[in-house]
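Visitor: The structure's right below; bear with me while I get my questions together.
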Amino acid sequence: MTKFLLTVHVLAAIITIGPVTVAASMFPPSARRALAAPDDATARATVLTLHRICQVYSVVAVAVPVFGLATANSLHVLGSPWLLASIALTVAAAAVLAALVLPRQSSLLAALDGAEGGPDAEAAGRAARRLGMYTGVFNLLWATVTVLMIVRPGSTTGA
């Protein structure tokens, strides 16, 4: 059962978190291009698609920690410091995504639509740059979790 849980955990991480990190990274420069060319339907469609990928895959990505905790339980490592650090970093990454990345993507989409309350073009450009920073923090948190999952201090795999 442990091998099954670990397999689903790793597959879920690859299939869900990978697309979110890529789409979130592509969003700020794509939003800047779309803001620079407001009549470019392709640029706007790209930004909408990237945002949708981030939204949908982030919800499905809940499977990653669920299967990760089940795997850790079956391996009897729930109290291991590397796992506790990974859990804390995963919570931090989820918080950055939910509180900083996705809302700012939505705000930039509102600016593209010219919606009232959306930032003006100059402010939107600054917001896109700031969003790039938050996205970088999100990606760095996930990279750290990945390293912890591979290196696992005290691992018995000999790796």
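Visitor: Cβ contacts < 8 Å: first residue within 18 Å of V62 (Cβ to Cβ) and acidic (D, E), restricted to segment 76-104; second residue open to solvent by less than 30 Å² (accessible area, probe 1.4 Å) and in a helix (DSSP H, G or I), any location; separation 6+ or different chain. Result?
Guide: Short answer, once both residue conditions are applied: none.
Visitor: Within segment 39-77, restricting attention to residues that are closer than 18 Å to L131 by Cβ and of a type outside the set (A, V, I, L, M, F, W, C), which residue is farthest from the chain's Cα centre (by Cα)?
Guide: Of the residues in segment 39-77, the ones closer than 18 Å to L131 by Cβ are 43-44, 46-55, 57-58.
Next cut, of a type outside the set (A, V, I, L, M, F, W, C) only: 44, 46, 49, 51-52, 55, 57-58.
Working: R44: 21, T46: 18, T49: 15, H51: 11, R52: 12, Q55: 9, Y57: 9, S58: 7 Å.
Filtering segment 39-77 for residues that are closer than 18 Å to L131 by Cβ and of a type outside the set (A, V, I, L, M, F, W, C), the one farthest from the chain's Cα centre (by Cα) comes out as R44.
Visitor: Show the residue pairs meeting these rules: Cβ distance below 7 Å; 6+ apart or different chains; first residue within segment 34-60 and in contact (Cβ under 8 Å) with a residue 60 or more places away in the chain; second residue open to solvent by 50 Å² or more (accessible area, probe 1.4 Å) and of a type in the set (K, R).
Guide: As it stands, the answer is A34/R44, since those pairs meet every condition given.
Visitor: Residues to consider are A94, A41; find the one that is open to solvent by 40 Å² or more (accessible area, probe 1.4 Å), of a type in the set (A, V, I, L, M, F, W, C) and closer than 23 Å to A143 by Cβ.
Guide: Testing whether each residue is open to solvent by 40 Å² or more (accessible area, probe 1.4 Å), of a type in the set (A, V, I, L, M, F, W, C) and closer than 23 Å to A143 by Cβ leaves just A94.
Visitor: Looking at S30, S106, which is the one that is open to solvent by less than 50 Å² (accessible area, probe 1.4 Å) and within 17 Å of the chain's Cα centre (by Cα)?
Guide: From the options S30, S106, the qualifying one is S30.
Visitor: So, one more: Just to confirm my filter: which helices (runs of 4 or more DSSP H) fall fully inside segment 77-151 and include at least 2 residues that are over 28 Å from A41 (Cβ atoms) and β-branched (V, I, T)?
Guide: Of the helices (runs of 4 or more DSSP H) lying wholly inside segment 77-151, those with at least 2 residues that are over 28 Å from A41 (Cβ atoms) and β-branched (V, I, T) span 81-96, 121-151.
Visitor: Moving on. Can you say whether L50 is out of contact with any Asp or Glu (no Cβ under 8 Å at 6 or more places or on another chain) and not in a helix (DSSP H, G or I), as far as the supplied structure shows?
Guide: no
Visitor: Then there is this: Name, by its number, the condition in (1) at pLDDT below 85; (2) under 26 Å from V77 (Cβ atoms); (3) not aliphatic (A, V, I, L, M) that does not hold for E116.
Guide: Result: E116 passes all but (2).
Here is a yes/no grid of residues against (1) over 30 Å from A123 (Cβ atoms); (2) touching a His at 6+ places or on another chain (Cβ under 9 Å); (3) of a type outside the set (D, E, K, R); (4) surrounded by 15 or more Cβ atoms within 10 Å (Cβ to Cβ):
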position	(1), (2), (3), (4)
T21	no, no, yes, yes
V56	no, no, yes, no
L75	yes, no, yes, no
L100	no, no, yes, yes
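Visitor: Could you list, in sequence order, all residues of segment 15-56 that are touching a Phe, Trp or Tyr at 6+ places or on another chain (Cβ under 7 Å) and of a type in the set (A, V, I, L, M)?
Guide: Across segment 15-56, the qualifying residues are I17, V20, A24, V47, L50.
Visitor: Quick one: which of S58, S74 is out of contact with any Cys (no Cβ under 6 Å at 6 or more places or on another chain), in a helix (DSSP H, G or I) and under 16 Å from A13 (Cβ atoms)?
Guide: On the way: S74 fails: under 16 Å from A13 (Cβ atoms).
Sole residue among the options that is out of contact with any Cys (no Cβ under 6 Å at 6 or more places or on another chain), in a helix (DSSP H, G or I) and under 16 Å from A13 (Cβ atoms): S58.
Visitor: Could you list, in sequence order, all residues of segment 77-91 that are closer than 17 Å to N139 by Cα and open to solvent by less than 50 Å² (accessible area, probe 1.4 Å)?
Guide: A85, S86, L89, T90, listed by residue number.
Visitor: For segment 61-71, enumerate the residues that are assigned to a helix (DSSP H, G or I) and either open to solvent by 60 Å² or more (accessible area, probe 1.4 Å) or among the hydrophobic types (A, V, I, L, M, F, W, C) (or both).
Guide: A63, V64, V66, F67, L69, A70
The values are calculated or read from the model by the stated rules, or taken from the named source; none is laboratory data. In this text, all values refer to a predicted model and were calculated from it rather than measured experimentally. Please note: Cβ atoms are built from the backbone with ideal geometry, for glycine as well, and neighbour counts cover all protein chains shown. Protein only, heavy atoms only, side chains kept; ligands, DNA and RNA dropped before computing areas. Shrake-Rupley method; radii C 1.70, N 1.55, O 1.52, S 1.80 Å.
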